[in-house]
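> The structure under discussion is supplied below as structure tokens; questions concerning it will follow.
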Amino acid sequence: MDEMKRIREVSEFLRKALLSDASVAVILGSGLGGFADGLSDRRTVRFADIPHFPAPRVAGHVGSIVAGTFHGVSVMAIQGRFHLYEGYPLSDVVLLVRALHLLGVRTLILTNACGAVNPAFEPGDLMVLSDHLNLTGQNPLIGKNLDELGTRFPDASMVYDEALRALAKRIAVQEGITLREGVYAWWSGPSYETPAEIRMIRTLGADAVGMSTVPEALAASHMKMKVIGIACLTNMATGIRPGALTHDEVLDVAAKAGTRLSVLLSGILTKMTQ
Ligand code: HPA
């Protein structure tokens, strides 16, 4: 099927189902879905009911879109996402971001749970992405360019919006929340990294490592959307401190950081200029 037709059909379905005029959307990462529960006038669509959508297969990823208002601001909150490691083509991973753009969303807030590579960071800290390293060798823009969405060779010098980052940092100071800033490395997963891989990733200049966010950021930036990435550092990456790493630990720390993330998201949504 023609990819633009597929994106249009998803967007038309969501237009009718959600009746939302939101210009901002938030993708909520592993264990971070709670923010959506605080929205008023909610309308929800489950991923499973959206045409052309694969069903997510990861614990901690609910798989739904909640449209509503937050202190008067229209927003769409997405609980769950698709990952490369699930075996989906990247066109599926970024399908929703593209459909949201057709619906009028111009600002994308991407959140995730990830590992801290910078030894000065602590599990439970939040980090705003200044930039990313794509270590997968893959890119959602590979293939026929969708000229209606953006140019063949998009600039990537400013994927993460500077003004939104500055706003997040101001809010964090006001609210007494520790907010780190750094480079996020995209790792395909599903295996967590080996100690040698983490040494390599640190040497390459990353502060955090995770298995999501970058494909959505690249697709959004192709469409000239404003993007902010906020990572919840759920653990120290492999080998930085002794001990093995489990997905349960990641979900547990993310849930505890969820309240602080919600405070940050609230501030961004109510104070940003749309
Ligand atoms: N590595 C990759 N992905 C992750 C990690 C990690 O340490 N923690 C949570 N997601």
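The values are calculated or read from the model by the stated rules, or taken from the named source; none is laboratory data. What you see is a predicted model; the values in this text were computed from it and never measured. Quick reminder, even Gly has a Cβ in these numbers, built from the backbone with ideal geometry, and neighbours come from all protein chains shown. With ligands, DNA and RNA removed, areas are computed over all heavy atoms of the protein, side chains included. Shrake-Rupley method; radii C 1.70, N 1.55, O 1.52, S 1.80 Å.
> Within region 119-132, count every residue that is surrounded by fewer than 16 Cβ atoms within 10 Å (Cβ to Cβ) and among the hydrophobic types (A, V, I, L, M, F, W, C).
1
> Of everything in region 79-117, what is surrounded by fewer than 24 Cβ atoms within 10 Å (Cβ to Cβ), more than 16 Å from the ligand (Cβ to nearest atom) and not hydrophobic (A, V, I, L, M, F, W, C)? Give them in sequence order.
G87, Y88, P89, S91, D92, H101, G104, R106, T107
> Do we find that G267 is farther than 30 Å from F153 by Cβ, more than 12 Å from the ligand (Cβ to nearest atom) and surrounded by fewer than 24 Cβ atoms within 10 Å (Cβ to Cβ) in this structure?
Considered against the rule, which asks whether it is farther than 30 Å from F153 by Cβ, more than 12 Å from the ligand (Cβ to nearest atom) and surrounded by fewer than 24 Cβ atoms within 10 Å (Cβ to Cβ), G267 comes out as yes.
> Just one of (1) out of contact with any His (no Cβ under 9 Å at 6 or more places or on another chain); (2) near the ligand (Cβ under 10 Å from one of its atoms); (3) modelled with pLDDT of 95 or more trips up V250, so point out which.
With respect to (1) out of contact with any His (no Cβ under 9 Å at 6 or more places or on another chain); (2) near the ligand (Cβ under 10 Å from one of its atoms); (3) modelled with pLDDT of 95 or more, V250 is out only on (3).
> Ok, one more. Among the residues of region 186-240, write down those that are over 11 Å from the mean Cα position of the chain (by Cα), within 12 Å of the ligand (Cβ to nearest atom) and aliphatic (A, V, I, L, M).
Listed by number, the residues that qualify are I198, I201, A206, A208, V209, L233, M236, A237, I240.
> Let me ask something else. Restricting attention to region 182-204, and to residues there that are out of contact with any Leu (no Cβ under 7 Å at 6 or more places or on another chain) and surrounded by fewer than 16 Cβ atoms within 10 Å (Cβ to Cβ), which single residue is farthest from V250 (Cα to Cα)?
For region 182-204, the residue satisfying everything is T203.
> Within region 236-256, how many residues are among the small types (G, A, S), out of contact with any strand residue (DSSP E or B) (no Cβ under 9 Å at 6 or more places or on another chain) and part of a loop (DSSP other than H, G, I, E, B)?
The number of residues fulfilling the criteria is 1.
> Pairs needed: first member in region 245-257, within 11 Å of G115 (Cα to Cα) and open to solvent by 40 Å² or more (accessible area, probe 1.4 Å); second member anywhere, part of a helix (DSSP H, G or I) and near the ligand (Cβ under 10 Å from one of its atoms); C-beta distance under 9 Å; at least 6 residues apart or different chains.
Sorted first by the residue in region 245-257, then by its partner, the list stays empty.
> Please find, among T273, T259, the residue that is in a helix (DSSP H, G or I), out of contact with any strand residue (DSSP E or B) (no Cβ under 6 Å at 6 or more places or on another chain), more than 14 Å from the ligand (Cβ to nearest atom) and among the polar types (S, T, N, Q).
Answer to the selection: T259.
> Would you mind stating whether R165 is open to solvent by less than 70 Å² (accessible area, probe 1.4 Å), within 16 Å of the ligand (Cβ to nearest atom), of a type in the set (K, R) and at pLDDT 95 or above?
Answer is no for this residue.
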